Amino acid sequence: MERILVKIITEQTEILFKNLEAQLKGADLEKMFDNVNNSRYLFHALHSLDRYFINPYRYEYKMDEQLGLDENLSIIDEKREGYIEAAGVVIEREKLLSYFDFVKAKIFSYLDSLTDSDLSEKPEECPHTKLALILGQYRHLMFHVGLSEAVNFEANGNWLEYTGFSYFKNK
């Protein structure tokens, strides 16, 4: 049971989550960008990880009952089906952090179950490999972390903490 690649993916996922967590804990959630506040961009990033990291074709949103958040609040483009304008709705930091904890636990549990050979397999009903889904979420998440960072900087002139490879030297 080879897990060399999965170990690397797991380590990089730790870094990814550190960068997302910095935004969730420190970013200006009310600041608007393109008619959507930053809390919704961050919710969008979390919801995408929740839905697309493992298998979007067998996904069920479970946080509505726990957090009272309509998953359509994650739709940030008014041209997409299900978009809710909700301009005055700022998702509370505590709710975002609770969802973060849920998604993080779910993803690390999934990674713990994978072997290297699993990465080339396609999940049930999904046209993409497990590795493609993971890499797609890396790309998507870092775009949104960067967007949140820019929105936050525009709001208050401060850069939030960024974590890279040095994370493992300090761990």
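The values are calculated or read from the model by the stated rules, or taken from the named source; none is laboratory data. If you're wondering where the values come from, they're calculated on a predicted model, not measured in any experiment. Every residue, glycine among them, receives a Cβ derived from its backbone with ideal geometry; neighbour counts consider all protein chains shown. For accessibility, only protein heavy atoms count, side chains too; no ligands or nucleic acids. Shrake-Rupley method; radii C 1.70, N 1.55, O 1.52, S 1.80 Å.
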Determine whether ALA22 is of a type in the set (Gly, Ala, Ser) and more than 23 Å from GLU85 (Cα to Cα). yes
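Here is a yes/no grid of residues against (1) among the aliphatic types (A, V, I, L, M); (2) under 21 Å from LEU49 (Cα atoms); (3) within 20 Å of the chain's Cα centre (by Cα):
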site	(1), (2), (3)
ILE91	yes, yes, yes
PHE108	no, yes, yes
PRO127	no, yes, no
LEU135	yes, yes, yes
GLY146	no, yes, yes
GLU149	no, yes, yes
ASN156	no, no, no
PHE168	no, no, no
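Here's the yes/no breakdown for (1) closer than 30 Å to PHE165 by Cβ; (2) of a type in the set (Val, Ile, Thr):
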site	(1), (2)
GLU21	yes, no
ASP28	yes, no
ASN38	yes, no
LEU49	yes, no
TYR61	no, no
GLN66	no, no
GLU71	no, no
VAL90	no, yes
Conditions (1) free of Cβ contacts under 8 Å to residues at least 24 places away in the same chain; (2) basic (Lys, Arg); (3) buried (at least 17 other Cβ atoms within 10 Å of the Cβ): number failed by LYS104: (1)
Check off (1) outside any helix (DSSP H, G or I); (2) open to solvent by less than 10 Å² (accessible area, probe 1.4 Å) for GLU30 and give me the number that stays unchecked. (2)
